[in-house]
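Structure first, then comments.
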Amino acid sequence: MTLINFLKDINAPINTETIDRVSLEKKSKRNIYETICILEKISKEINNQIKEDLDTKLEEFNFINKNNLEEIFENKEQIELSKFYEKLPKSTSISIRYLLNGKIKI
């Protein structure tokens, strides 16, 4: 499963959402401070994976433009790719959703 398909399946909220502190503590079986620290590490990993995936896809466009000496036009695929990544939920929302859905165990 690719990263993009995986992110679509997680169904994390795009907007800010209030989450009950007690439910996070129950799921993680730790206090809220420890839970937040662990979720922060997970969200950094998710963010790095998203960044690597985006960089890989953008390198393809740079390679095409370097080989083409003609004037650079706006590339429709590149614009769609940028819009997709802009609409992704934040990595913190994804990590919290992982915990609440039971996809990670702390």
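The values are calculated or read from the model by the stated rules, or taken from the named source; none is laboratory data. These numbers come from a predicted model, not from an experiment. Note: areas computed on protein heavy atoms with side chains; ligands, DNA, RNA excluded. Shrake-Rupley method; radii C 1.70, N 1.55, O 1.52, S 1.80 Å.
Just checking: which of the helices (runs of 4 or more DSSP H) contained wholly in segment 11-106 hold 2 or more residues that are open to solvent by 50 Å² or more (accessible area, probe 1.4 Å) and at pLDDT 90 or above? Before you say what the answer is, go through the steps one by one.
Details: elements: 21-28, 32-67, 76-87, 91-101.
Passing ranges, in order: 21-28, 32-67.
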For LYS8, work out the one condition from (1) within 20 Å of GLY102 (Cα to Cα); (2) modelled with pLDDT under 70; (3) open to solvent by less than 60 Å² (accessible area, probe 1.4 Å) it doesn't fulfil. (3)
